[in-house]
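Engineer: This is the structure I have questions about; it appears just below.
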Amino acid sequence: MLRYSAHLPLSGIGDTGQQRIRASSVALIGVGGLGCAIAQYLVASGIGALTLCDFDTVAESNLARQVLYRPADLGRLKTEAASATLESLNPDTRLQSVNRRMTSADMLTLFPDCDLVIDASDNYGTRLAVNRACLALKTPWIMASCIRMEGQIMMLRPDEASQACYRCVYGSAPDTLEDCPGAGIFAPVAGVIGASAAHFALTHLAGLTQAAGLHLFDAANWQWRSIGIRKAAACRDCGQA
Ligand SMILES: [Zn+2]
């Protein structure tokens, strides 16, 4: 436990919280800029098991922000390259991979084994599918996204009936998230949002409560803003549950 000794004096974490982190299993959807930052903190901090879900391969344009990959990894599956780096970071975490685009059926098979799901994908469709699967299974999840110099993060608790779901917040909004290479992403912004998602994840797994709401980060003006979220009575995904 010497590795985790800096966590032990922390109020709310301590030995009990660290043991909960060690006993936990997380699914991570997307191992891009956000996913790399999230995974390295989860694994370095000693989570028990992590399943990496990504169908993509490593491209040169990924290397500025996807910090688990090396030039020698170009063309390799991201899940394979990330697993190799993460294993060298902490061999105590059990790593698994899903190397295809996640379907709803994949999610309903994988998520029951997980204490927490983190969506770090780059599209609205995947997040809606994660939302529906997590609602069906009552699995807590974290939504994280970033583009240009902006980021968003939100903890969702379908295990608590009164809580809003992702669709309550976004309604029938079209998929307006642009492709990162086209719109651009400033590398450290992915790190800030990724580290924030890891913070939400590890504190949740340790048994602490997270700040509610949707948290918006504006890196250009270095401002965080939090918006309260409310369950929508007519929500298509959770309204009739
Ligand atoms: Zn809803």
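Engineer: Residue by residue through the range 126-174, note down the ones that are touching a Lys or Arg at 6+ places or on another chain (Cβ under 7 Å) and assigned to a strand (DSSP E or B).
Structural biologist: Matches in the range 126-174: M143 only.
Engineer: Still on this structure: Any idea which residue in the range 128-148 is surrounded by the most Cβ atoms within 10 Å (Cβ to Cβ), counting only those that are farther than 15 Å from D159 by Cβ and away from the ligand (no atom under 15 Å from the Cβ)?
Structural biologist: C146
Engineer: Can you tell me how many residues in the range 74-119 are basic (K, R) and touching a Pro at 6+ places or on another chain (Cβ under 6 Å)?
Structural biologist: Qualifying residue count for the region: 0.
Engineer: May I ask you to list the residues in the range 1-53 that are open to solvent by less than 10 Å² (accessible area, probe 1.4 Å), among the polar types (S, T, N, Q) and in a loop (DSSP other than H, G, I, E, B)?
Structural biologist: Within the range 1-53, S24 is the sole residue that qualifies.
Engineer: Show the residue pairs that are 6+ apart or on different chains and have beta-carbon atoms under 6 Å apart, the first residue being within the range 155-172 and in contact (Cβ under 8 Å) with a residue 40 or more places away in the chain, the second being assigned to a loop (DSSP other than H, G, I, E, B) and more than 11 Å from the ligand (Cβ to nearest atom).
Structural biologist: M155/Q210; P158/K138; Q163/R157
Engineer: For residues in the range 190-212 being more than 23 Å from G35 (Cβ to Cβ) and either modelled with pLDDT under 95 or assigned to a helix (DSSP H, G or I) (or both), which is nearest to the ligand (Cβ to nearest atom)?
Structural biologist: The residue in question is A212.
Engineer: Are any residues in the range 171-189 at pLDDT 95 or above and surrounded by 20 or more Cβ atoms within 10 Å (Cβ to Cβ), and if so, which ones?
Structural biologist: Residue satisfying the conditions is V189 alone.
Engineer: Identify, please: which residue in the range 54-109 is touching a Gly at 6+ places or on another chain (Cβ under 7 Å) and either part of a strand (DSSP E or B) or open to solvent by 80 Å² or more (accessible area, probe 1.4 Å) (or both) and is, among those, nearest to V31 (Cα to Cα)?
Structural biologist: Here the answer is T57.
Engineer: Every residue in the range 213-241 that is surrounded by 15 or more Cβ atoms within 10 Å (Cβ to Cβ) and away from the ligand (no atom under 16 Å from the Cβ), please.
Structural biologist: H215, L216, F217, A219
Engineer: With respect to the numbered conditions (1) closer than 22 Å to A129 by Cα; (2) touching a Cys at 6+ places or on another chain (Cβ under 7 Å); (3) of a type in the set (S, T, N, Q), which one is the sole condition not fulfilled by Q66?
Structural biologist: (1)
The values are calculated or read from the model by the stated rules, or taken from the named source; none is laboratory data. Here the structure is a predicted model, which is why all the values come from computation and not from measurement. Quick reminder, even Gly has a Cβ in these numbers, built from the backbone with ideal geometry, and neighbours come from all protein chains shown. Ligands, DNA and RNA are excluded from the accessible area calculation, which covers all protein heavy atoms including side chains. Shrake-Rupley method; radii C 1.70, N 1.55, O 1.52, S 1.80 Å.
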